[in-house]
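The block underneath contains the structure these notes are about, expressed in structure tokens.
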Amino acid sequence: MHYAGYVHSLIRRPVEEVELARFRDGRSLWLATNSKSNFDRSEVIQRARSRIGESRYRLLTNNCEHFCEWCLNGEQRSYQVEALVAWARRAVAAPVKVIVHLPLRLSRNGTGRVLASLSDMAYSK
């Protein structure tokens, strides 16, 4: 079972049940052997099959990891998307912090110490 999404083309594909060889398509397969589930195996399979044909793939809100987590634990989430969003927030926050605090630092330190202040702000948490 997998959410095909955009794996084969730019046309969104549904949740489908395929042979493992077709799923792999000549690529390596990585197994998460330590994954835990809130459901027994038969219920996980039943949950996955209940969504066959669904075609609402969205990279950030309903991707293959969201699908797997829902099948295993009943919670639609993607740790990869969450990590990406957290990284983006940090990437945006650092320059915003500098811009917001720059006038305050300039007025306190004078223009002679601006570079040191910018460096301190960029690396402080």
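The values are calculated or read from the model by the stated rules, or taken from the named source; none is laboratory data. These numbers were taken from a predicted model, which means no experiment stands behind them. Every residue, glycine as well, gets a Cβ built from its backbone with ideal geometry; the counts of neighbours run over all protein chains shown. The protein model used for the area step is the full one, side chains on, heavy atoms only, and it has no ligands, DNA or RNA in it. Shrake-Rupley method; radii C 1.70, N 1.55, O 1.52, S 1.80 Å.
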For region 1-56, the percent of accessible surface on carbon and sulfur atoms (probe 1.4 angstrom, ligands and nucleic acids excluded) is 51
Interchain or sequence-distant (5+) residues whose placed amide H lies within less than 5 Å of the amide H of Ala4 are Val15, Glu16
Here region 44-49 yields Karplus 3J(HN,Hα) values (6.51, -1.76, 1.60; θ = phi - 60°; whole Hz; Gly and Pro given as x) of 4, 5, 4, 4, 4, 5
With a 1.4 angstrom probe the carbon and sulfur portion of accessible area for region 63-108, in percent, totals 67
Taking 30-38, 44-52, 4-12 and ranking on average Cβ neighbours within 10 Å, highest first, one gets 44-52, 4-12, 30-38
accessible surface per residue for region 19-97, probe 1.4 Å, DNA/RNA/ligands not counted, whole Å² -> 78
